[in-house]
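**Q** So that we are looking at the same thing, I have put the structure below in structure tokens.
No lab work stands behind these numbers, since they all come straight from the coordinates. Here the structure is a predicted model, which means the values were calculated and not measured. Cβ atoms come from the backbone with ideal geometry, glycine included; neighbour counts cover every protein chain shown.
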Amino acid sequence: MTHSAVDPRAVAPVAIGFEPADPAFVADPYPVYRRLRDDHPVLWNPATNQWLISRHADVNRLLRDRRLGRTYLHQATHAEMARPEPPAWHAPFHELNDAGMLDMEPPDHTRLRRLVLRAFTPRTVEAMRRRIQGIVDGLIDGFDGAGEVDLIADFVEPLPVTVIAELLDVPEADRHLLRPWSADFCLMYELDPPDASARKAVQASLEFGAYLRELLAERRRRPGDDLISALAGVVDGGDTLTETELIGTCVLLLNAGHEASVNGAGNAWWTLFRHPEALARLRADPSLLSSALEELLRFDTPLSLFERWVLEPIEVEGVAIPRGGEVALLFGSANRDQAAFERPDELDLARDPNAYLSFGAGIHYCLGAPLARLEIEVAFGTLLRRIPRLELVEPPRWKPTFVLRGLQALRVRV
Ligand code: HEM
């Protein structure tokens, strides 16, 4: 097939199996991705008014292309972009979401990212290793005598939540609130969220926002050794952040800091259980851990797609996409592209090179990647060492969400 043969409206995605609401598709989207890459690398999805982009080269390039943006509101109103205004009752969600750097473009994005980045450099993150090890050991101690546990609820979930909660110094008694708020907030990231999901996200925004505002006021009165106090006091070469931006940053860190981590680690464990030889190899040779975690994040990415607005007309695979268009960049597909990876459907824990895109690329490249890597490395290394007979009890079920794609539970014998 040649570039000129690409017809972005050749078929409806649903006709070739792209059905984000179908549990079978969510469980294994890879054969459909292959069809997209081979025959429809740019495909119009009338269900969401987006172009689906499935090849690694295109996803990688568009993530770095400054003619696209996470938002257009720095350049144009909804009306000017011929886009509908979001319903007024969504406002509490947008107030928090749009004030986080992930939904900003330069110059605001640059300013905010620079301020927050200091807390997430490889050096500052490495200094957290001992604390992360302590949390992981404490969780494994808790397995004593349990027989069976849910690896997601009892191990994978508490780690990133605790790490971020400690960074922000959220009081221990309140930490149980964070996970449900974050899960409800993130429902809005799904494709075309139904009103019931949007209502949950709005409610979570109201509660989460009010809670963080109170915490911020408290830190202003009594600054501590935490990230909220540090950001509240920041005056950096004239750069500061507004109260709303500070709250938006905390929400983003809490959400980004654990939704993707939980799904990433959960999917990785499930991949290992389905590949017993790889699991045995990793147990026998812990020096494989760092390349293994990259491969596991490639093999079953926790973030199926990220979207971009087209700010200036572009062309992809010969298809013209006008200003105001929206592309859905399919990370899960890009990570299995036969043009970018040898034997893409094989799990190779020593894969090198491994140019996978699960952490994104370009100016929004995951700010928490060093932390996510460290958490996974410590958690996987320690659990495999301390519980060498760890065994799957039953195949897991997937959560119904597609964009943030992960397991509901993963029962294991410990
Ligand atoms: C396995 C775990 C993780 C994965 C797969 C992941 C993936 C991603 C991806 C793909 C993006 C870019 C989205 C886009 O370009 O539209 C992103 C951005 C971001 N991530 Fe992560 N993430 C993970 C963990 C974390 C953690 C632990 C934190 C924080 C503590 C974090 C904080 C952020 C932030 C703040 C951004 C926005 C960066 C920006 O807009 O400049 N992430 N992440």
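**Q** Of all residues in segment 205-252 being under 22 Å from Val161 (Cβ atoms) and among the hydroxyl-bearing types (Ser, Thr, Tyr), which is surrounded by the most Cβ atoms within 10 Å (Cβ to Cβ)?
**A** Across segment 205-252, the extreme among qualifying residues is Thr249.
**Q** Still on this structure, please answer the following. Show the residue pairs meeting these rules: Cβ distance below 8 Å; 6+ apart or different chains; first residue within segment 355-366 and within 14 Å of Leu102 (Cβ to Cβ); second residue acidic (Asp, Glu) and more than 7 Å from the ligand (Cβ to nearest atom).
**A** Taking only residues 6 or more apart or on different chains, the pairs are Gly362/Asp65.
**Q** So, in segment 364-378, of the ones that are more than 6 Å from the ligand (Cβ to nearest atom) and in a helix (DSSP H, G or I), which residue ends up nearest to Met104 (Cα to Cα)? Give the steps one after another, and end with the answer.
**A** The initial filter retains those residues of segment 364-378 that are more than 6 Å from the ligand (Cβ to nearest atom), namely 365, 369-370, 373-378.
Subsequent filtering for residues that are in a helix (DSSP H, G or I) retains 369-370, 373-378.
Values: Ala369: 19, Pro370: 22, Arg373: 25, Leu374: 27, Glu375: 27, Ile376: 28, Glu377: 31, Val378: 32 Å.
Within segment 364-378, the match that is nearest to Met104 (Cα to Cα) is Ala369.
**Q** Do we find that Ala260 is out of contact with any helix residue (DSSP H, G or I) (no Cβ under 6 Å at 6 or more places or on another chain) and near the ligand (Cβ under 9 Å from one of its atoms) in this structure?
**A** For Ala260, the condition - out of contact with any helix residue (DSSP H, G or I) (no Cβ under 6 Å at 6 or more places or on another chain) and near the ligand (Cβ under 9 Å from one of its atoms) - is met.
**Q** In the set Leu151, Leu117, Leu168, which member is closer than 19 Å to Ser261 by Cβ and touching a Cys at 6+ places or on another chain (Cβ under 9 Å)?
**A** None of the others qualify; the one that does is Leu168.
**Q** Of these, Pro396, Pro353, Pro400, which one is within 24 Å of Glu148 (Cα to Cα) and assigned to a loop (DSSP other than H, G, I, E, B)?
**A** Testing whether each residue is within 24 Å of Glu148 (Cα to Cα) and assigned to a loop (DSSP other than H, G, I, E, B) leaves just Pro396.
**Q** If the requirement is being surrounded by fewer than 19 Cβ atoms within 10 Å (Cβ to Cβ) and among the β-branched types (Val, Ile, Thr), which of these qualifies: Thr110, Thr162?
**A** Just a single option satisfies the conditions, and that option is Thr110.
**Q** Is one or more of the residues making up segment 33-54 of a type in the set (Asp, Glu), crowded, with 18+ Cβ neighbours inside 10 Å and away from the ligand (no atom under 12 Å from the Cβ)?
**A** Checking segment 33-54: not a single residue is of a type in the set (Asp, Glu), crowded, with 18+ Cβ neighbours inside 10 Å and away from the ligand (no atom under 12 Å from the Cβ).
**Q** Okay, moving on. Please determine, by comparing only the residues of segment 336-363 that are within 11 Å of the ligand (Cβ to nearest atom) and within 17 Å of Thr301 (Cα to Cα), which one is surrounded by the fewest Cβ atoms within 10 Å (Cβ to Cβ).
**A** Keep residues of segment 336-363 that are within 11 Å of the ligand (Cβ to nearest atom), which gives 356-363.
Now drop any that are not within 17 Å of Thr301 (Cα to Cα), which leaves 356-361.
Values: Tyr356: 23, Leu357: 25, Ser358: 22, Phe359: 20, Gly360: 20, Ala361: 18.
My answer is Ala361.
**Q** When you scan segment 32-57, how many residues do you find that are more than 17 Å from Leu303 (Cβ to Cβ), part of a helix (DSSP H, G or I) and not hydrophobic (A, V, I, L, M, F, W, C)?
**A** 5
**Q** Could I ask something else about it? Just checking, which of Leu96, Leu112, Leu73 is closer than 25 Å to Ala256 by Cβ, part of a loop (DSSP other than H, G, I, E, B) and hydrophobic (A, V, I, L, M, F, W, C)?
**A** Leu73
**Q** Now a separate question. Among the candidates Ala339, Ala284, Ala320, Ala278, which residue alone is among the small types (Gly, Ala, Ser), out of contact with any Leu (no Cβ under 8 Å at 6 or more places or on another chain) and within 30 Å of Gly381 (Cα to Cα)?
**A** One residue alone meets the criteria, Ala284.
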